[in-house]
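The values are calculated or read from the model by the stated rules, or taken from the named source; none is laboratory data. Small disclaimer: the values here were computed from a predicted structure and weren't measured. With ideal geometry, Cβ positions are generated from the backbone for all residues, glycine too; neighbour counts draw on all protein chains shown.
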Amino acid sequence: MFGYQVLGFGAGGAGSPFVEATGGTITTSGDFKIHTFTGPGTFTVTNVGKCSGSTTVDYVVVAGGGGAGSGSGAAGGGGAGGHRHNYPQPATGGLSVSAQGYPITVGAGGNGGPGPAPSNHNGLKGADSVFSSITSTGGGGGLENGPVPSFGPGGSGGGGSYQTGCAGAGNTPPTSPSQGNNGGTGALIAAYNTSAGGGGGIGGAGQAGPSGVCSRAGIGGAGVANSITGTPVVRASGGNAHGQKNPGGQQVNAPTPTPGGGGASGANGTANTGGGGGSAHPSAGNGGSGVVIISYKFQ
């Protein structure tokens, strides 16, 4: 009888108390294992863990950033890709997983508006990133000549141009917590004096085009740092805009962008940050691709 009880206990206690999985590029930080996907793949859970170890995962899911608008006047910066995360874990805990494969989608950045000027084009929206029930929406394209409903909204909104005035709305469709912010607005101030707004970022709205004589281009909204990989990394900032000033419609680029992968005026967003593309004359930057990161306690 004694031998039977020991045998029964051993059979009941088999299996690791921690989540076990494969897929992506795997690293560790302390007691946590991190799976990073910079392109499509599958996160395959082979063991769901137990209450004595770990049964849930944390995630950062960032979509592709929007492309910048292009034009000879003033065009908006691309909005950052939507940024959704549960690291550090909220009071509600992590995301439960089951023993199965979870297809991973990593959104590409949207293309900047086709140039060269005087062609005026909106930037294209970034693509969504997906893990399990979590979808982050691509960033809105930077605006040049509208229509805003088709191009500007997204995870974070694209910046507005002097022609459209208004900017793209962020957190579209809405999530809680918010996955992004609005783009900055643009304006026609006077002949050859135009402003455009920066793309929105996860850390704040894009800056509206300033009204000063020598500065007519908004900076992209800020990104936010996350340490799910063990090291703080800033992601999902909006792209910069550009504008014009007298005499003769001289082009003015926005200052240095905020950290987080958003492009400087005319530059692409940084890959795997979801940063928005930056607008300039005559070029328009593409949005940066997104990333999916999954972490769980493994010992």
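Do we have Asn253 as modelled with pLDDT under 95 and surrounded by fewer than 17 Cβ atoms within 10 Å (Cβ to Cβ) here? Break it down stepwise before answering.
On the way: modelled with pLDDT under 95: yes; surrounded by fewer than 17 Cβ atoms within 10 Å (Cβ to Cβ): no.
Criteria not met by Asn253.
Taking into account only those residues within the range 208-240 that are modelled with pLDDT of 95 or more and over 30 Å from Thr25 (Cβ atoms), which is surrounded by the fewest Cβ atoms within 10 Å (Cβ to Cβ)?
Among residues in the range 208-240 that are modelled with pLDDT of 95 or more and over 30 Å from Thr25 (Cβ atoms), the one surrounded by the fewest Cβ atoms within 10 Å (Cβ to Cβ) is Ile219.
So, of the residues in the range 182-207 that are at pLDDT below 95 and part of a strand (DSSP E or B), which turns out to be surrounded by the most Cβ atoms within 10 Å (Cβ to Cβ)?
Step by step, filter the range 182-207, then rank; the result is Ala196.
Out of the residues in the range 82-95 that are over 23 Å from Ser156 (Cα atoms) and not polar (S, T, N, Q), which is surrounded by the fewest Cβ atoms within 10 Å (Cβ to Cβ)?
So, considering only residues that are over 23 Å from Ser156 (Cα atoms) and not polar (S, T, N, Q), the one surrounded by the fewest Cβ atoms within 10 Å (Cβ to Cβ) is Ala91.
Do you know which residues across the range 208-222 are under 17 Å from Ala75 (Cβ atoms) and in contact (Cβ under 8 Å) with a residue 24 or more places away in the chain? Lay out the reasoning, then the answer.
Step one: filter the range 208-222 for residues under 17 Å from Ala75 (Cβ atoms), giving 208-210, 215-221.
The answer is Ala208, Gly209, Ser215, Arg216, Ala217, Gly218, Ile219, Gly220, Gly221.
Search the range 238-267 for residues that are in contact (Cβ under 8 Å) with a residue 12 or more places away in the chain and charged (D, E, K, R) and pair each with any residue that is assigned to a loop (DSSP other than H, G, I, E, B) and surrounded by 22 or more Cβ atoms within 10 Å (Cβ to Cβ) when their beta-carbon atoms are under 8 Å apart and the residues are at least 6 apart or on different chains.
Lys245/Arg216
Among the residues of the range 189-204, count how many are within 14 Å of Gly159 (Cα to Cα) and either without any contact (Cβ under 8 Å) to a residue 40 or more places away in the chain or of a type in the set (Asp, Glu) (or both).
1
Tell me the residue from Phe37, Phe32, Phe43 that is modelled with pLDDT of 95 or more, in contact with a His (Cβ under 7 Å, 6 or more places away or on another chain) and either within 22 Å of Gly260 (Cβ to Cβ) or surrounded by 15 or more Cβ atoms within 10 Å (Cβ to Cβ) (or both), please.
Values: Phe37 fails: in contact with a His (Cβ under 7 Å, 6 or more places away or on another chain); Phe32 fails: in contact with a His (Cβ under 7 Å, 6 or more places away or on another chain).
The conditions single out Phe43.
As an exercise: evaluate Val234 against (1) part of a loop (DSSP other than H, G, I, E, B); (2) in contact with a strand residue (DSSP E or B) (Cβ under 9 Å, 6 or more places away or on another chain); (3) under 21 Å from Ala108 (Cα atoms) and give the number of the one condition it does not meet.
(1)
For Ala225, all conditions in the list (1) free of Cβ contacts under 8 Å to residues at least 12 places away in the same chain; (2) aliphatic (A, V, I, L, M); (3) assigned to a loop (DSSP other than H, G, I, E, B) hold save one; what is the number of the exception?
Ala225 satisfies all of (1) free of Cβ contacts under 8 Å to residues at least 12 places away in the same chain; (2) aliphatic (A, V, I, L, M); (3) assigned to a loop (DSSP other than H, G, I, E, B) except (3).
Are any of the residues in the range 95-110 more than 29 Å from Pro232 (Cβ to Cβ) and at pLDDT below 90? Give the derivation first.
Applying the first criterion (more than 29 Å from Pro232 (Cβ to Cβ)) to the range 95-110 yields 98-101.
Narrowing the set further to residues that are at pLDDT below 90 leaves none.
No; the residues of the range 95-110 include none that is more than 29 Å from Pro232 (Cβ to Cβ) and at pLDDT below 90.
Which numbered condition trips up Gln163, out of (1) surrounded by 24 or more Cβ atoms within 10 Å (Cβ to Cβ); (2) touching a residue at least 60 places away in the same chain (Cβ under 8 Å); (3) not charged (D, E, K, R)?
For Gln163, the exception is condition (1).
Residue-wise test of (1) surrounded by fewer than 22 Cβ atoms within 10 Å (Cβ to Cβ); (2) without any contact (Cβ under 8 Å) to a residue 24 or more places away in the chain; (3) farther than 19 Å from Ala167 by Cα; (4) aliphatic (A, V, I, L, M).
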residue	(1), (2), (3), (4)
Thr56	yes, no, yes, no
Gly64	no, no, no, no
Gly67	no, no, no, no
Gly76	no, no, no, no
Ala80	no, no, no, yes
Ala99	yes, no, yes, yes
Thr105	yes, no, yes, no
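Considering only the range 47-77, state which residues are outside any loop (DSSP other than H, G, I, E, B) and under 19 Å from Val292 (Cα atoms). Please lay out each step first, then the result.
From the range 47-77, those outside any loop (DSSP other than H, G, I, E, B) are 47-48, 56-62, 70; that's our starting set.
Selection gives Thr56, Val57, Asp58, Tyr59, Val60, Val61, Val62.
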